[in-house]
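K.L.:
Can you keep this structure in mind? I'll have questions shortly.
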Amino acid sequence: MCKETDAEEARRLERKWAERISEDGGKKPSRATNASGIERKAYYSQADVEDLSFEDTSIPGEYPYTRGFRHLPYSADGWMMRQPVAVGLPKDTRARMEYLEKLGWSLFIGQEGDDKLLVQNVALDIPSQQGYDPDAPEARGRVGRDGMSMSTMWDMDEFYSGRELDRTEVFFAAPDNQLACLGLYLVYAERRGVPWEALRLKVSNLWYHSWYWDTAGFPPRQAYKLGPELVSFFHKRVPHAQVASVTGYNPGEAGATPAQELAFTLATGVFITEECVKAGLDPDEFVPKYYGHDHTNLDLFETVAKFRAKRKMWAKIFKERFGCQNPDSLRLRNFPQTAGSLLHAKEPENNIIRITLMALAQVLAGAEGVWAASYDECLNIPSQKAAQIALRTGQIIFYETGIADVIDPLGGSYYIESLTKSMEDEAWRLLEEMEKKGGYLECWESGWFRSELARSAREYHQAVEDGERVIVGVNKYVVDEEKHIPTFRVGQEVEDEAVKRVRAFRAQRDSAQAARALEALKRAAERMKTDWPNSCGLVMPAMIDAFRADCTMGEAQGVMKEVLGYGYYGGI
Amino acid sequence: MATTEESKKRLRVLLAHCDQDAHDRGVRYIAEVLQEGGMEVIFIRYRVCEEVVRVAVQEDVDAVGLSFYSSGYSHDIPAVLESLKEKEKDVKLLVGGIIPSDEIDGLLALGVSGIFGPNSRRDEVLECLAS
């Protein structure tokens, strides 16, 4: 990246600098490594980037995309606003969403007028995510509390009636239950007379997400089949659907260091693609429809370097390993989320500052989406005020700071370029280790992923407990504060209403027809279980038929669980 | 009168986590802390909270720890306490995770022995179990 003589001169100056600081009483920076275990020097120079090629660091928008996928900065076409909104019953979520829309919330920041698209990033409550209807014993105390309760066509109608489906990008954060959620949505669109070709969706194709913690999805040897099943259906039938999520957020929240997250995420992308290829799909047709969802750390530069390294590594892997020709296959658009695990219940308003810094990292890294969370996320789902501040965070960065006017503003920084390369090297090393251990599924089943994450999480917690890692107001400069922090909460009356509704819904439909549809779904799921990948493409249509017959999401997902089984990671 | 051997008996602790509740980082960390503190840990994921009481009785544990990241605590904690009482099972119930601060006093009054949030120290948890 620089002439040899420049590098020599830089090394000479670095020696001079070292002499100066040793004369200065030998003071040292407090942390000599970053969270990924990469050495952190106190200063960087040309000597640290002499091995980098111009290809890696020259023009934004060109392979290998280290500097981003765009040729122009955000001020040209904005970023996607990804904050989720969900609370209580569909009508409650809708009211919250319409309030935020009045404040400028749309799919792309800065987009106005007739072209404006809306976004619905809907987090379902935990029972709906897992496929329990509100009246299931498993749902007690949980309905509408952590997201929106949804189980029937009536819920869809309450949520969407009068809204333009073709101008709204829809996302249901309910990975284990994704086939049912989208099945219900497609049948709703059909009944409204909106063709599937006009719909915009992000498919939460994330069957592996629950393996990072212990929610019950499906067992690994069954769950992964949902990936190709969703990809094959949606890339053929819903052309504007983004078909699979390659997430780093989940490992990040489970404790992964940024370098581990990078490697685990890339391994996930490779695995999903290999399984789709085995099911007969062509990567250049569906990989362009993937999207990323990465974790954002408070170490701003480490986060920026991680996103930059990921773009480059993804492009190389999909070009070289899968032979992709379509440039969009080499560009994994990234919609990162600010880290929930780095927010704290003590002095919760300080989280606004933490979230702003994380959102800033997303912007400086050139992510395609910016997701600023709500500051009260560590207490409960967001209050309206907290959701408004989250929206404002992105808007202020976009409109008031000038950051959106230049693309990859940190590109060329000795530190950032050197750190990008170090993160990349560490991630390649981890990817090689996973290959040696037998590959992605094997690494899950053997517990390797979980033990790596547990070790990193433990190191972090111990550093916080020992005060080695400072969290202001939490383990340093702690003040006595009022004991009761007001917390936004959803009451029991929401559960009572949802229970009545789902029972009334079941009472008015043709039960025999619903039962037949569930039988057909069961047969399709059994084929998935026993005859894979030949049976790829059978379950999703049967799922859709179940909602045409007015089944509930709990009933449909119940059949899937009955056939495919429950998925736990074993051991502590 | 307790013999020396009995008083040295390792505490048996059941840690339970609802299988719908994401984010098990805290409860796994506590499991390690308790094991390192010389206790025996039984760890389960439950679908319905009735399973917790069943296992607590079967395994004859000295304490139960429930972990909540998301909702469910408002139903499960009173239900577990009541069912333990019905079965005359005298065990401590500890709770970890995200519990709104204005509900803590009410839960302690109901019979919960200790509530530990994300920034609690491991010593606090060990002391609560040993006391």
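The values are calculated or read from the model by the stated rules, or taken from the named source; none is laboratory data. Note that this is a predicted model, so its numbers are computed, not measured. Quick reminder, even Gly has a Cβ in these numbers, built from the backbone with ideal geometry, and neighbours come from all protein chains shown. For accessibility, only protein heavy atoms count, side chains too; no ligands or nucleic acids. Shrake-Rupley method; radii C 1.70, N 1.55, O 1.52, S 1.80 Å.
K.L.:
Once you order the gyration tensor axes a ≥ b ≥ c over the Cα atoms, which shape class does the stretch B:9-130 get: rounded for a/c under 1.5, otherwise prolate or oblate by comparing a/b with b/c?
P.N.:
rounded
K.L.:
Something else now. Quick one: 3J(HN,Hα) in Hz for the stretch A:320-335, Karplus 6.51/-1.76/1.60 with θ = phi - 60°, rounded, Gly and Pro as x.
P.N.:
Values, residue by residue: 7, 7, 9, x, 5, 9, 6, x, 5, 5, 8, 10, 8, 4, 10, 10 Hz.
K.L.:
Sequence-distant or interchain residues sharing an amide H contact under 5 Å with A:Leu201, placed H: which?
P.N.:
Amide H neighbours of A:Leu201, under 5 Å, 5+ apart: A:Val170, A:Ala241, A:Gln242.
K.L.:
Can you send over the carbon and sulfur percentage of the accessible area for the stretch A:355-407, probe radius 1.4 Å, protein chains only? Display every interim value, and only then the final one.
P.N.:
Numbers: 1080 of 1760 Å².
The value for the stretch A:355-407 is 61 percent carbon and sulfur by accessible area.
K.L.:
Over the heavy atoms of A:Tyr65, what accessible area does a 1.4 Å probe trace out, to the nearest 10 Å²?
P.N.:
A:Tyr65 has an accessible surface of roughly 10 Å² with all protein chains in place.
K.L.:
Determine the residues within the stretch A:186-231 where the difference in accessible area between the chain on its own and the full set of protein chains amounts to at least 20 Å²; count protein heavy atoms only and use a 1.4 Å probe.
P.N.:
A:Trp213, A:Asp214, A:Thr215
K.L.:
Rounded to the nearest 500, what is the 222 nm mean residue ellipticity of chain A from helices alone, with -39500 (n - 2.57) per DSSP H run of 4+ residues and division by all residues? Display every interim value, and only then the final one.
P.N.:
Details: 22 runs with 275 residues, N = 572.
So the helix-based figure for chain A works out to -15000 deg cm²/dmol.
K.L.:
Now a separate question. Roughly what would the spin-label model give for A:Ala42 and A:Asp466, points 7 Å off Cα along C-beta, in nm?
P.N.:
2.3 nm
K.L.:
In the stretch A:436-572, carbon and sulfur make up what percent of the accessible area (probe 1.4 Å)? Each step should come with its number before you reach the end.
P.N.:
Details: 3420 of 6890 Å².
Taking all protein chains in place, the stretch A:436-572 shows 50 percent carbon and sulfur surface.
K.L.:
Would you grab the residues whose amide H sits under 5 Å from the one on A:Gly567? Only those 5+ places off in sequence or on another chain, please, with H modelled 1.01 Å from N.
P.N.:
Here A:Gly217, A:Phe218 satisfy the definition.
K.L.:
Over 28 Å between Cα atoms: which of A:Lys561/B:Lys87; A:Lys225/A:Lys289; A:Lys202/A:Lys310; A:Lys561/B:Lys85 fall into that group?
P.N.:
The answer is A:Lys561/B:Lys87; A:Lys561/B:Lys85.
K.L.:
Per residue, how much accessible area does the protein assembly as shown show when a 1.4 Å probe rolls over the protein heavy atoms, in square angstrom? Numbers along the way, then the final one.
P.N.:
Numbers: 28140 Å² over 703 residues.
With the other protein chains kept in place, the protein assembly as shown gives 40 Å² per residue.
K.L.:
Still on this structure: Taking θ = phi - 60°, what integer Hz values does the Karplus form 6.51 cos²θ - 1.76 cosθ + 1.60 yield along the stretch A:353-368, in sequence order, with x for Gly and Pro?
P.N.:
5, 4, 5, 4, 5, 5, 4, 4, 4, 4, 6, 5, 7, x, 5, 7
K.L.:
How about B:Lys89: which lysines have a C-alpha closer than 24 Å to its C-alpha, ignoring those fewer than 8 places off in the same chain?
P.N.:
Those lysines meeting the cut-off are B:Lys8, B:Lys9.
K.L.:
A further question follows. Which shape class, rounded, prolate or oblate, goes with the protein assembly as shown when its Cα gyration tensor gives a ≥ b ≥ c as root eigenvalues, a/c under 1.5 marks rounded, and past that a/b bigger than b/c marks prolate? Provide the component values of the computation, followed by the final result.
P.N.:
On the way: a/c = 1.59, a/b = 1.12, b/c = 1.41.
Oblate is the answer for the protein assembly as shown, as a/c is 1.5 or above yet b/c matches or exceeds a/b.
K.L.:
If you don't mind, there's one more thing I want to ask. At a 1.4 Å probe radius, carbon and sulfur cover how many percent of the accessible area of the stretch B:9-130?
P.N.:
Values: 2510 of 5110 Å².
That share works out to 49 percent.
K.L.:
Tell me which residues come under 5 Å, amide H to amide H, from B:Leu15 once H is placed; ignore anything under 5 positions away on its chain.
P.N.:
B:Ile42, B:Phe43, B:Ile44, B:Gly65
K.L.:
Turning to a different aspect of this structure: Would the stretch A:56-211 count as rounded, prolate or oblate if I go by the C-alpha gyration tensor, calling it rounded below 1.5 in a/c and otherwise prolate when a/b exceeds b/c, oblate otherwise? Walk me through the numbers before you get to the answer.
P.N.:
On the way: a/c = 2.03, a/b = 1.59, b/c = 1.28.
Since a/c reaches 1.5 and a/b is larger than b/c, the shape of the stretch A:56-211 is classed as prolate.
K.L.:
Excluding same-chain residues fewer than 8 positions from A:Lys385, which lysines have a Cα within less than 16 Å of its Cα?
P.N.:
Partners within reach: A:Lys102.
K.L.:
Could you compute the net charge surrounding A:Gln384? Neighbours are other residues with a C-beta less than 11 Å from the C-beta of A:Gln384; K and R count +1, D and E count -1. Walk me through the numbers on the way to the answer.
P.N.:
On the way: positive: A:Arg96, A:Lys385; negative: A:Asp92, A:Asp376.
With Lys, Arg at +1 and Asp, Glu at -1, the neighbours total 0.
K.L.:
Using each residue's phi in the stretch A:218-223, evaluate 6.51 cos²θ - 1.76 cosθ + 1.60 at θ = phi - 60° and report the 3J(HN,Hα) Karplus result to the nearest Hz, with x for Gly and Pro.
P.N.:
Once θ is set to phi - 60°, the couplings for the stretch A:218-223 become 10, x, x, 6, 9, 4 Hz.
K.L.:
Given a 1.4 Å probe and no ligands, DNA or RNA in the count, how much accessible surface is buried by A and B, both sides, to the nearest 100 Å²? Kindly include the intermediate steps, with their values, before the conclusion.
P.N.:
Working: alone 23830 and 8180 Å², together 28140 Å².
So the buried area, both faces added, is about 3900 Å².
K.L.:
Sum up the charges of everything whose Cβ sits under 14 Å from the Cβ of A:Leu230, counting Lys and Arg as +1 and Asp and Glu as -1, but leave A:Leu230 out. The partial results should precede the final answer.
P.N.:
On the way: positive: A:Lys202, A:Lys225, A:Lys236, A:Arg237, A:Lys289; negative: A:Asp176, A:Glu229, A:Glu275.
It works out to a net charge of +2.
K.L.:
Within straight cross-link reach of A:Lys476, meaning Cα distance under 13 Å, which aspartates and glutamates are found once same-chain residues fewer than 8 apart are removed?
P.N.:
A:Glu347, A:Glu465, A:Asp466, A:Glu468
K.L.:
Heavy-atom accessible surface, probe 1.4 Å, ligands and DNA/RNA ignored: which residues of the stretch B:42-90 lose at least 40 Å² versus the isolated chain?
P.N.:
Hits at the 40 Å² cut-off: B:Arg45, B:Arg47, B:Val48, B:Ser71, B:His75.
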